[in-house]
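Asker: Dumping the structure here so I can ask a few things about it.
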Amino acid sequence: MIMNWLQILIGALVGLVIGGIVGYVIRRTIGERKIHSAEAESRRIVEEGKQKADTYKKETLLETKEEVLKIRNEAEAEIKERRSEVAKMERRCVSREETLEKKLETLERKEENLNRKIKENEDKVAEIQQIKQEQLERLQQISGFTAEEAKQEIVDKIVDEARFEAAQKVVEIRNQAKEEAEETARNIICMAIQRVASDQVAESTVSVVALPNDDMKGRIIGREGRNIRAVEQQTGVDLIIDDTPEAITISCFDPVRRAVAKLSLEKLISDGRIHPAKIEETVEKSKKEIDQAIKQAGERAVFEVGIHGINNELVKILGRLKYRTSYGQNVLNHSVEVAYIAGMIADEVGADSTVAKRAGLLHDIGKAMTQEVEGSHVQIGVDIARKYKESKDVVHAIEAHHGDVEPKTLVAMIVQAADAISAARPGARREDIENYIKRLTKLEEIATSFNGVETAFAIQAGREVRVMVKPEVISDEAMVLLASDIAKKLETDLVYPGQIKVNLIREKRATDYAK
């Protein structure tokens, strides 16, 4: 059994060896055939490559020869063209050279002619100079003047004539400028006045309070006249109750007092309760309302003029002008009108209209202060403007609007002119009323100048001064002497028609509060 397996194994090994040898021979035979086939193919490809290379070489050589021939032809053509251009340039140069030679010859001939003429002119000039010198010597002998003296004489005569003509021209120009300036200024002022065209109403010193019926007159007078005395003492006005139906007249030169009295009476009449305590309370309320109206008047004036940035306190002071008059003309209306006119004139002459309107509105601000402040309204206005930080131009315009100082700016001149225009318009002012108000104001100032006087009111058109004294300072016995002293000072310091009644009132009150 084992032998059989060995035989089979040996037979298999022999078969494998023989199969391997046969396979090797077959693979080698096939490889040699492929190698011969590849060598043949490579020889064929090489042959074809040689043929293509020879063909490409011949074609390239042919193209190169053609390109070289083309370049050679183009170069020969360009050289030929360049030679032609050079020949043309040579011919032009030769032509120009010939032309220049001809011109040079012509210039040489002209130079010779010019030199000859110059020589001839020099000879003629020398001859003329000699003749001139001979003539000058003969003139000097005849006239008796040397050349310098004659020249000076002529110069002096020409200078005198020129000065005379210049002086005439200066006078003519000055007169013409003056006429044109006056005409221009007249046109500007007329146009400004026409554009404003505001109504003018001179204010009087009386106000009228309408009554619902004539029975109200008796209630206002009160028992034994206590009500009417209380109103007059509290407000400082004079109530005129006459036969005029359903009306009471309030007389006072101070518009603020008249306004307070009128408002108080209207409130009392509307309320119906009229007695001294109610009158005192109503007057105090009316004074506060008038203060508010003063502030509103100032704000309205600033708004109408169209300026901004004015201090609030200055606006309040400006509103007081609503209750101030100058020769019968309302000062606030006058100030607004001056602001309008100043702004229009400034626009026409090219100045700053905003500054002009501001200065025009504030130019009479000093008139808003009472007599307790010393100084003219111009100086007071300057101090107020400086206090509330107004500009230098505005302060100077206020200071110069009445000519107290010389106006140095265009705005100051404009405000001065606008103030004069507003004041000079027909119907704007009444001289008599202003003098009357000044007299009454002076009357009150004299009365209040004495020690112990609390306040004083000029009433009855200045025929009476009502003086309120301090009861703790002035006794009943001293009142007689004080009245005499006031009367004597009025006789000395004041000019007035007729006589003035000095009426002293001493009233002592005791006040306490129940808690």
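Asker: How far is helix 377-387 tilted, in degrees, relative to the longest principal axis of the Cα atoms in the chain, given as a value from 0 to 90 rounded to the nearest 10?
Answerer: It works out to around 40 degrees.
Asker: Need the full-extension length gain, HIS402 to THR106, defined as separation in residues times 0.36 nm minus the C-alpha distance. One decimal, nm.
Answerer: Values: separation 296, 0.36 × 296 = 106.56 nm, distance 8.92 nm.
Net length gain for the segment: 97.6 nm.
Asker: How about LYS119: which aspartates and glutamates have a C-alpha closer than 13 Å to its C-alpha, ignoring those fewer than 8 places off in the same chain?
Answerer: GLU111, GLU127
Asker: How big is D, in µm² s⁻¹, for region 441-515 by Stokes-Einstein at 20 °C and 1.002 mPa s if Rh is the Kirkwood radius over C-alpha pairs? Don't skip to the end; give the middle numbers.
Answerer: Values: Rh = 13.1 Å.
So the translational diffusion coefficient is about 164 µm²/s.
Asker: Let me ask you something else. Amide H of ALA247: which non-local residues (sequence gap of 5 or more, or other chain) have their own amide H closer than 5 Å, using H built in the peptide plane?
Answerer: The answer is LEU211.
Asker: OK, next. If you wrap region 233-356's Cα atoms in a convex hull and average its projection over all directions, what's the area in nm²? Don't jump to the answer; show the numbers that get you there.
Answerer: Numbers: hull surface 39.7 nm².
With the hull built on Cα positions only, its mean projection is 9.9 nm².
Asker: Which angle from 0 to 90°, rounded to the nearest 10, does the C-alpha axis of helix 476-493 make with the longest principal axis of the chain?
Answerer: For 476-493 against the chain, the angle is about 70 degrees.
Asker: Please report the accessible area of LYS52 (heavy atoms, 1.4 Å probe, ligands and nucleic acids excluded) in Å², nearest 10.
Answerer: Roll a 1.4 Å probe over it and LYS52 shows about 150 Å².
Asker: Can you give me the long-range amide H partners of THR325? Hydrogens built in the peptide plane at 1.01 Å from N, cutoff under 5 Å, separation of 5 or more residues or another chain.
Answerer: Placed amide hydrogens put VAL331 under 5 Å from THR325.
Asker: For ALA420 and GLN460, compute 0.36 nm times the residue count separating them, minus their Cα-Cα distance, and round to one decimal in nm.
Answerer: Values: separation 40, 0.36 × 40 = 14.40 nm, distance 3.32 nm.
Separation in residues times 0.36 nm, less the Cα-Cα distance, equals 11.1 nm.
Asker: What accessible area, in Å² to the nearest ten, does a 1.4 Å probe give for GLU266?
Answerer: 90 Å²
Asker: Of VAL473, VAL453, ALA487, which is farthest on the positive side of the dipole of region 434-492, counting Cα position, with +1 on Lys and Arg Cβ, -1 on Asp and Glu Cβ, and the Cα centre as origin?
Answerer: In region 434-492, that residue is ALA487.
Asker: What is the calculated FRET efficiency for GLN292 to ASP271, with r their C-beta to C-beta distance and R₀ = 25 Å, to the nearest 0.05? Let's see the in-between values first.
Answerer: On the way: r = 20 Å, r/R0 = 0.79.
For GLN292 and ASP271, the calculated efficiency is 0.80.
Asker: Right, something else. Which FRET efficiency, nearest 0.05, do GLU304 and ASN503 yield, Cβ-Cβ r, R0 51 Å? Walk me through the numbers before you get to the answer.
Answerer: Details: r = 43 Å, r/R0 = 0.84.
Between GLU304 and ASN503 the formula returns 0.75.
Asker: Oh, and also: Only one of the listed values, (1) 765; (2) 158; (3) 175, was derived from the coordinates as volume of the Cα convex hull per residue in Å³; which label is it?
Answerer: The value matching this structure is (1).
Asker: Take the residue pairs LYS322/LYS357; LYS316/LYS442; LYS287/LYS387; LYS262/LYS288; LYS322/LYS438 and return only those whose Cα atoms are more than 22 Å apart. Please list the in-between numbers first.
Answerer: Numbers: LYS322/LYS357 18 Å; LYS316/LYS442 25 Å; LYS287/LYS387 26 Å; LYS262/LYS288 14 Å; LYS322/LYS438 18 Å.
Long pairs (Cα-Cα over 22 Å): LYS316/LYS442; LYS287/LYS387.
Asker: Also, I was wondering about something else. Relative to the Cα centre, what is the charge dipole magnitude of the chain, using +1 at the beta carbon of each Lys and Arg, -1 at the beta carbon of each Asp and Glu, and rounding to the nearest 20 debye?
Answerer: Using Cβ point charges on Lys, Arg, Asp and Glu, the chain gives about 2980 debye.
Asker: Using a probe of 1.4 angstrom, how much of the accessible area of the chain is carbon and sulfur, in percent?
Answerer: Numbers: 18660 of 34740 Å².
With neighbouring chains kept in place, the figure for the chain is 54 percent.
Asker: Name the aspartates and glutamates eligible as straight-distance cross-link partners of LYS392: C-alpha to C-alpha under 18 Å, and not fewer than 8 places from it in the same chain.
Answerer: LYS392 reaches ASP352, ASP364, ASP383, ASP404, GLU406.
Asker: Between region 248-301 and region 31-98, what is the C-alpha centre distance in whole Å?
Answerer: 128 Å
Asker: Quick one: accessible area per residue over region 438-515, 1.4 Å probe, rounded to a whole number of Å²?
Answerer: Values: 4970 Å² over 78 residues.
Value for region 438-515: 64 Å² per residue.
Asker: Select from VAL94, GLN152, ILE128 the residue farthest towards the positive end of the dipole of region 55-176; place +1 on Cβ of Lys and Arg, -1 on Cβ of Asp and Glu, and compute about the Cα centre.
Answerer: Checking the options against the dipole of region 55-176, the answer is VAL94.
Asker: Where does the chain land at 222 nm, in deg cm²/dmol rounded to the nearest 500, when only DSSP H runs of n ≥ 4 count, each adding -39500 (n - 2.57), divided by all residues? Could you put the intermediate results ahead of the total?
Answerer: Values: 14 runs with 365 residues, N = 515.
-25000 deg cm²/dmol, from helical runs alone.
Asker: Could you tell me which residue out of GLY31, THR55, ASN227 lies farthest along the dipole of the chain toward its positive end? Charges go on the beta carbon: Lys and Arg +1, Asp and Glu -1, centred on the Cα centre.
Answerer: Comparing the listed Cα positions along the dipole, GLY31 ranks first.
Asker: Can you list the aspartates and glutamates whose alpha carbon sits under 17 Å from that of LYS80, skipping same-chain ones fewer than 8 residues off?
Answerer: In chain and number order, the partners are GLU90.
Asker: Hey, another quick one. In whole Hz, what ³J(HN,Hα) sequence does region 402-417 give by Karplus (6.51, -1.76, 1.60; θ = phi - 60°), x for Gly and Pro?
Answerer: 10, x, 4, 10, 6, x, 10, 10, 5, 4, 4, 5, 5, 5, 4, 5
Asker: What length, rounded to one decimal in nm, is gained on full extension from VAL68 through to LYS438, with 0.36 nm per residue of separation minus their alpha-carbon distance?
Answerer: Working: separation 370, 0.36 × 370 = 133.20 nm, distance 12.89 nm.
Residue separation times 0.36 nm, minus the Cα-Cα distance, leaves 120.3 nm.
The values are calculated or read from the model by the stated rules, or taken from the named source; none is laboratory data. Please read these numbers as outputs of a predicted model, since none were measured by experiment. As a convention, Cβ positions derive from the backbone with ideal geometry for all residues, glycine included, and neighbour counts pool all protein chains shown. Areas reflect the complete protein model, heavy atoms only, side chains present, ligands, DNA and RNA absent. Shrake-Rupley method; radii C 1.70, N 1.55, O 1.52, S 1.80 Å.
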